[in-house]
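This report concerns only the one structure given below.
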Number of protein chains: 2
Amino acid sequence: MHDVRIDRDRLWNSHMAMAEIGATPGGGVCRLALTDPDKQARGLFVSWCREAGCAVRVDKLGNIFARRAGSEPDAAPVMTGSHLDTQPLGGRFDGIFGVLAGLEVVRALNDAGIATRRPLDIAVWSDEEGVRFRSGTMGSGVFSGRVNLEEALAMTDESGLSVRGELARIGYDGPEAVGGFPVHAYFEAHIEQGPVLEREGITVGAVEGAQGARRFRVTVGGEEGHAGTLPMTGRRDALLGAARMIDALNRVAFTHDPHPVITVGSIFVRPNSPNTVPGQAAFTIDSRHPHAATLAAIDADMRAACAAIAKADGLTLHIEQTSDSTPVAFDKACIASVRAAAKALGIPHRDIYSGAGHDACNLSHIAPTGMIFVPCEGGVSHNEKENAKPEDLAAGAAVLLRVMTEWAE
Amino acid sequence: MHDVRIDRDRLWNSHMAMAEIGATPGGGVCRLALTDPDKQARGLFVSWCREAGCAVRVDKLGNIFARRAGSEPDAAPVMTGSHLDTQPLGGRFDGIFGVLAGLEVVRALNDAGIATRRPLDIAVWSDEEGVRFRSGTMGSGVFSGRVNLEEALAMTDESGLSVRGELARIGYDGPEAVGGFPVHAYFEAHIEQGPVLEREGITVGAVEGAQGARRFRVTVGGEEGHAGTLPMTGRRDALLGAARMIDALNRVAFTHDPHPVITVGSIFVRPNSPNTVPGQAAFTIDSRHPHAATLAAIDADMRAACAAIAKADGLTLHIEQTSDSTPVAFDKACIASVRAAAKALGIPHRDIYSGAGHDACNLSHIAPTGMIFVPCEGGVSHNEKENAKPEDLAAGAAVLLRVMTEWAE
């Protein structure tokens, strides 16, 4: 093991090459799931993996698995991975770091001529961000049996394009069944997306678990009318009602301690015309908290707040829950391995809790799972300004290398 | 004159044929300015006018003028008209009635073999609704010298397509200068888009004037962040701020008596992703009142309300006024002609004020102008359910015929 070395510059340069795909003028990345930039990033990843001697498989949901063979080829693999898709105005490290750290592990083992007993798999999970089809961690969700394959394939974006059709269009409707093979352990490297590690000057977080999340789609119905002729008192303005709900939902967060996070991130108005009173407004709610009981309590509070406004304003209200992630605790042995690897490598580390959901949360239901966090600048993520340091990424990859080879023996 | 007859069924059937172009599943029409449906409706109108013996000209902004020659060909025309474009979920009568009533006048005069001294022009004004390029009554605005031609041509829609480019694409970038010829008088027939005529059982409104309007585009800037990891207390959520402003703007309307109408009809959020705290929210304000002083007062109140919220929430605020229509009083002689025509034809009528803006408001600055309103069902407009009765449309056209022929002598 002492001869295996993570190549900091190679890892950084791979990030920079990937960041060109879907690069935004503001210095970030826009690579929505199953779009042309996603296809291009997948193509680059696959070509790099093949150059590194990996066999590449694609399943029916477009999840990619690049395998470095083990000396015992049929043993269950040790898996790592993350996602290539980003937010519409996302950064250069969210997701892609977990994929490229896995690739760097393989490249470093190749350089050192080291074989592992178990195969090593690098997974690219389809549609982690959940922006386009409004349901996050889709690929790992189906892989781990928590989401139905046919339902996922039938999901459509705002313009009516389906996951099934878009997978076929970009050429990633693979032949393999989704899931169904054992995973010996799963480790995912990721930027923290929060401020803790940077603030404390610590390089690696051994992730203990992730908070739970409930997502909703709220549809408010009113009546369209002419902005100039419909008196104020006769109006049933769906956007006005939605605006009042957005304000009320924010206030719900502050009535619980510690605060949950409640976000209305997207809204769609019909007809969205400057001189027509809006007849419909649909928006999303993303609510998260580490405790299941609090998640349930704010669910009830949010529904009550919206219902009261709808009633007062004469609006119809439909609330659909679109996802439900219970709080996740990662595997104690995996967490211990991450801690031990950081310690052995002399890397400052601490235990940490994830505010975000990750593909690892899904995998934790079918395999021993752990995560490795590295700092990101100012804790900023889901933002074009998202940034990380080459040496921190390399430290995270070094820990990943150590835990993967340990679990592969 | 007693031999000239409006053909109620022909007028109705023309409406129904036009309503097929851009028909929506909900029974309305979506025919946004300079889209393919707009092109198709223009083509049908032009073909009908040519069949009716009219000469058709198109100006550089796509305004169409179909002229029935007068016995004194060089005399200034008596003009009528309106628009073919609709709201995204608009109805079958807003705009198109004024165009088809003009065509029915020409057809009826042709049937009766009657010549007028002055030419009669039927105008189709480009982009009255102002949905796509966010600036209403564009064609008549430039024609009457109130909007700059180059500025209008340079306007772009949300996807960056320009008026200039879209006019060329649909083949209505005509050769004629915009405006510059005298109009002897202008009369526009339109559905009321309000409840007054129907409620009182009256068939024709002699329109005295129209309330003023100010439109704004408000851009709220915050900071994007991860919905799961960014604590509630550190957030600068642009959509939350916009929501609070929308609520506050609504309350401004109720602090003035009689109430102005204030509408936030459209909103655009960036990145509009369910799991990202919104970094930007831009929305429109449409404010209207019959009195210029009240319009100015609510302008100040609205700016103050938005500024207070932006300050409290740590958001940036940019308010751009996108249009300013002063209250309009139509020509007293034109109003009197409409009244007299209705009376002579035995049609129940009353004076009425327009809540909406119309192309006639622009024309009133360069020619004696009047409008003829007919009832619409429940006062509903800018809505797929917009409806009107064949006999009311015919009555409106009969009044239009009478005032146009009177002014053409």
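No lab work stands behind these numbers, since they all come straight from the coordinates. Quick caveat: nothing in here was measured; it's all calculated off a predicted structure. In this analysis, Cβ positions are derived from the backbone assuming ideal geometry, glycine residues included, and neighbour counts consider all displayed protein chains.
Over 44 Å apart: what share of the alpha carbon pairs of the protein assembly as shown falls there, rounded to a whole percent? Show your work: numbers first, answer last.
Working: 131477 of 334153 pairs.
So the pairs more than 44 Å apart make up 39 percent of the total in the protein assembly as shown.
Below 28 Å, Cα to Cα, which lysines can residue A:311 reach? Residues fewer than 8 away in the same chain don't count.
Partners found: B:385.
Under the rule that a partner needs its Cβ under 4.7 Å from the first Cβ, which Cys of chain A have none?
For chain A, the answer is A:30, A:306, A:334, A:361, A:376, because their Cβ atoms have no other cysteine Cβ under 4.7 Å.
Rounding to the nearest 10 and keeping the result within 0 to 90°, find how far the Cα-based axis of helix A:390-407 lies from the longest principal axis of chain A.
70
Can you work out the Karplus-derived ³J(HN,Hα) for every residue in the stretch A:3-10? Use 6.51 cos²θ - 1.76 cosθ + 1.60 with θ = phi - 60°, whole Hz, and x for glycine or proline.
Per residue, the Karplus-derived 3J(HN,Hα) values read 8, 8, 10, 5, 9, 4, 5, 4 Hz.
Which of the chymotrypsin sites (Phe, Trp or Tyr not before Pro) across the stretch A:254-343 are loop residues per DSSP, with 14 or fewer other Cβ within 10 Å?
Hits after loop and neighbour filter: A:254.
Send over the per residue convex hull volume for the stretch A:212-325, Cα only, as a whole number of Å³.
Numbers: hull volume 9.6 nm³, N = 114.
Output value, Cα hull per residue: 84 Å³.
Take chain B, connect every pair of alpha-carbon atoms lying under 10 Å apart with a spring to form a Gaussian network, then pick out the residue of B:382, B:15, B:291 with the largest mean-square fluctuation.
The residue that fluctuates most here is B:291.
Under 23 Å Cα-Cα from residue B:39, which lysines qualify once same-chain neighbours fewer than 8 residues away are excluded?
Counting by Cα, and skipping residues close in sequence, residue B:39 has these lysines nearby: B:60.
Per residue of the stretch B:216-221, in order, report the coupling 6.51 cos²θ - 1.76 cosθ + 1.60 (Karplus, θ = phi - 60°) as ³J(HN,Hα) in whole Hz, putting x for Gly and Pro.
Going residue by residue, I get 9, 10, 9, 10, 10, x Hz, with x marking Gly and Pro.
For residue B:7, go 7 angstrom from Cα along the Cα-to-Cβ vector, then report the distances to that same point in the other copies in nm, smallest first.
Those separations, rounded to one decimal, come out as 8.3 nm.
Roughly how many Å is it from the Cα centre of the stretch B:313-350 to that of the stretch A:247-293, as a whole number?
38
What shape does the stretch A:314-409 take by its C-alpha gyration tensor, where a ≥ b ≥ c are the square roots of the eigenvalues and a/c under 1.5 counts as rounded, a/b above b/c as prolate, and the rest as oblate? Write out the running numbers ahead of the final one.
On the way: a/c = 3.14, a/b = 1.58, b/c = 1.99.
Oblate, since a/c reaches 1.5 and b/c is not below a/b.
Which whole-Hz ³J(HN,Hα) couplings does the stretch A:137-150 yield from phi under the Karplus relation 6.51 cos²θ - 1.76 cosθ + 1.60, θ = phi - 60°, glycine and proline marked x?
Result, rounded to whole Hz: 6, 5, x, 6, x, 6, 4, 8, x, 9, 10, 6, 4, 5.
Taking 7 Å along the Cα-to-C-beta vector as the label spot, tell me the residue A:23-residue B:336 distance in nanometres, rounded to one decimal.
Between residue A:23 and residue B:336, the simple spin-label model gives 7.2 nm.
Please arrange A:38, B:237, A:257 by how many other C-beta atoms lie within 10 Å of their C-beta, fewest to most. Mind showing how you got there, number by number?
Numbers: A:38 26, B:237 29, A:257 7.
Final ranking by Cβ density, sparse to dense: A:257, A:38, B:237.
About the Cα centre, and with charges only on the beta carbon of Lys, Arg (+1) and Asp, Glu (-1), how big is the dipole of the protein assembly as shown? Nearest 20 debye, please. Write down the numbers at each step before the final one.
Details: 78 positive and 102 negative charges, 56 e Å.
That gives a dipole near 260 debye.
Choose one of A:197, A:307, A:266: the residue whose Cα lies farthest towards the positive end of the charge dipole of the stretch A:175-324 (beta-carbon charges +1 Lys, Arg; -1 Asp, Glu; about the Cα centre).
Farthest along the dipole direction, towards plus: A:307.
What distance in nm separates the simple spin-label points at residue B:74 and residue A:55, each placed 7 Å from Cα in the Cβ direction?
9.1
Could you list A:407, B:125 so that the one with the fewest beta carbons within 10 Å of its beta carbon is first and the one with the most is last?
Details: A:407 22, B:125 31.
Ascending number of Cβ neighbours within 10 Å: A:407, B:125.
Rounded, prolate or oblate: which fits the stretch A:148-247, taking a ≥ b ≥ c as square roots of the Cα gyration tensor eigenvalues, rounded meaning a/c under 1.5, else prolate when a/b beats b/c? Present the calculation step by step, with values, prior to reporting the outcome.
Working: a/c = 3.34, a/b = 1.50, b/c = 2.23.
Oblate.
Provide an ascending nm list, one decimal, of label-point separations from residue B:74 to the equivalent residue in each further copy; define each label point as 7 Å from Cα along Cα→Cβ.
From this label point to the equivalent ones elsewhere in the assembly: 10.2 nm.
Between residue B:293 and residue A:326, what is the label-point separation in nm under the 7 Å Cα-to-beta-carbon projection?
For the pair residue A:326/residue B:293, the computed spacing is 6.7 nm.
Using the count of nearby Cβ atoms within 10 Å as a rough guide to exposure, how do B:245, A:155 rank from fewest to most?
Values: B:245 27, A:155 19.
Placing the least packed residue first, the sequence is A:155, B:245.
To the nearest 20 debye, what charge dipole does chain A have about its Cα centre, counting +1 at the Cβ of each Lys and Arg and -1 at the Cβ of each Asp and Glu?
That gives chain A a dipole magnitude of about 200 debye.
Need one value for A:193-199: mean number of C-beta atoms belonging to other chains within 10 Å of its residues' C-beta atoms. Numbers along the way, then the final one.
On the way: counts 5, 6, 4, 1, 0, 0, 0.
That average works out to 2.
Mind listing the long-range amide H neighbours of residue B:354? Cut-off is under 5 Å, sequence gap 5 or more, other chains count too, H placed in the peptide plane at 1.01 Å from N.
B:208, B:209, B:210, B:211
Take every Cα pair under 8 Å in chain B that's 6+ residues apart, average their separations, divide by the length, and report that relative contact order as a whole percent. Present the calculation step by step, with values, prior to reporting the outcome.
Working: 956 pairs, mean separation 98.5, N = 409.
RCO, chain B: 24 percent.
Placing a label point 7 Å from Cα toward Cβ, how far apart in nm is residue A:232 from its equivalents in the other copies, listed shortest first to one decimal?
Distances to the matching label points in the other copies: 3.0 nm.
Would you work out which of A:124, B:228, A:70 lies farthest towards the positive end of the dipole of the protein assembly as shown? Charges go on Cβ: Lys and Arg +1, Asp and Glu -1.
Working it through, the farthest residue towards the positive pole turns out to be B:228.
Where nothing but the Cβ of Lys and Arg (+1) and of Asp and Glu (-1) is charged, how large is the charge dipole of the stretch A:212-325 around its Cα centre, in debye to the nearest 20?
Details: 11 positive and 11 negative charges, 13 e Å.
Result for the stretch A:212-325 is approximately 60 debye, rounded to the nearest 20.
Expressed as a fraction of 2.2 N^0.38 Å, the rule-of-thumb size for a compact globular protein of N residues, what is the C-alpha radius of gyration of chain A? Don't jump to the answer; show the numbers that get you there.
Numbers: Rg = 22.4 Å, N = 409, 2.2 N^0.38 = 21.6 Å.
The reported ratio for this selection is 1.04.
Need one value for B:274-287: mean number of C-beta atoms belonging to other chains within 10 Å of its residues' C-beta atoms. Could the numbers behind the result be given before it?
Values: counts 20, 17, 13, 7, 5, 4, 1, 1, 0, 5, 5, 2, 7, 2.
Across B:274-287, the average partner-chain Cβ count within 10 Å equals 6.
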